[in-house]
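As structure tokens, the structure follows; a few thoughts come after it.
What follows draws every value from the coordinates through simple rules; no lab data is involved. Keep in mind the model is a prediction, meaning the values are calculated, not measured. Methodologically, a virtual Cβ is constructed for each residue, glycine included, from the backbone with ideal geometry; neighbour enumeration extends over all protein chains shown.
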């Protein structure tokens, strides 16, 4: 796949990135898992269960490929390969910051505490600053990671998934091969497929530099 970064994924992270996506918070957690995989450069020892492909050119997306499921979301970061250990340096081009394991860990902790329904932003920030500064995070680190999370919450993440799901087949209401577009229950919808699509076809479907596909 020209212009792409491919990263094999072992059993542990395959289970993590396979969790259901039902809200934007789940998409952001998937992005954090992806960043952790890219930073870590962990040996697989023959345990490859999935792969992540980053297309970061005119189209900036992360693709996740497993046996019966593919999905994709926006990838809003820049990557720079570190040749010495097959890992990647990750940068946010808007906030002009490098994202490493320390920032990823802090963002996970902050994400766990975000509750826009039952808390105000001011209340959440006060609690986060109080707790995280006690764990030796500087105020500027908290501010930058909060800002990056808010940026991710503000983005259109473009979630789409291909499923082969024979267990829940229900005629034309739920065909075995289908695309799920969007993630929340109120606005998701399916497009039925006659057969399994290939990884290349799924990628091509989303590539703005290739010819369009036609539904009818």
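Separation between the residue 80 and residue 216 pseudo-spin-labels, each 7 Å from Cα along Cα→Cβ, expressed in nm?
Distance between label points: 5.0 nm.
Using 0.36 nm times the number of residues separating residue 130 and residue 184, minus their current alpha carbon distance, what extension gain do you get? Mind showing how you got there, number by number?
Numbers: separation 54, 0.36 × 54 = 19.44 nm, distance 3.25 nm.
Residue separation times 0.36 nm, minus the Cα-Cα distance, leaves 16.2 nm.
If I take R0 = 25 Å and measure r between the Cβ atoms of residue 89 and residue 67 in this structure, what FRET efficiency does the formula 1/(1 + (r/R0)^6) give, to the nearest 0.05?
Working: r = 31 Å, r/R0 = 1.24.
E(calc), rounded to 0.05, equals 0.20.
Taking the mean number of other Cβ atoms within 10 Å as a proxy for protection, how do you rank 96-102, 206-212 from highest to lowest? Kindly include the intermediate steps, with their values, before the conclusion.
Working: 96-102: 13.1, 206-212: 10.7.
Answer by packing, highest mean first, reads 96-102, 206-212.
Under 8 Å for C-alpha pairs, at least 6 residues apart: give me the relative contact order for the chain, rounded to a whole percent. Show your work: numbers first, answer last.
Values: 281 pairs, mean separation 38.3, N = 216.
Over the chain, the number comes to 18 percent.
Compute the length gained on full extension between residue 206 and residue 105: take 0.36 nm times their separation in residues and subtract their Cα-Cα distance, giving the result in nm to one decimal.
Values: separation 101, 0.36 × 101 = 36.36 nm, distance 3.07 nm.
Extending this stretch completely gives an extra 33.3 nm.
Obtain the nm distance between the two label points defined at residue 151 and residue 12 by a simple spin-label model: each point lies 7 Å from its Cα along the Cα-to-C-beta direction.
Output for this residue pair reads 2.9 nm.
R0 = 35 Å: FRET efficiency of residue 196 with residue 98, Cβ-based, nearest 0.05? Kindly include the intermediate steps, with their values, before the conclusion.
Details: r = 39 Å, r/R0 = 1.12.
Taking R0 as 35 Å, the efficiency between residue 196 and residue 98 is 0.35.
With just the Cα atoms defining each centre, how far is region 1-29 from region 116-189? Give it in Å.
If you average the Cα positions of each part, the centres end up 13 Å apart.
Suppose only helical runs count, i.e. DSSP H with n ≥ 4. What mean residue ellipticity at 222 nm does that imply for the chain under -39500 (n - 2.57) per run, divided by all residues and rounded to the nearest 500 deg cm²/dmol? Could you put the intermediate results ahead of the total?
Working: 6 runs with 74 residues, N = 216.
It comes out at -10500 deg cm²/dmol, rounded to the nearest 500.
Based on a Kirkwood Rh over C-alpha pairs, give the Stokes-Einstein translational diffusion coefficient of region 74-216 at 20 °C and viscosity 1.002 mPa s in µm²/s.
Details: Rh = 18.8 Å.
For the chosen part, D equals 114 µm²/s.
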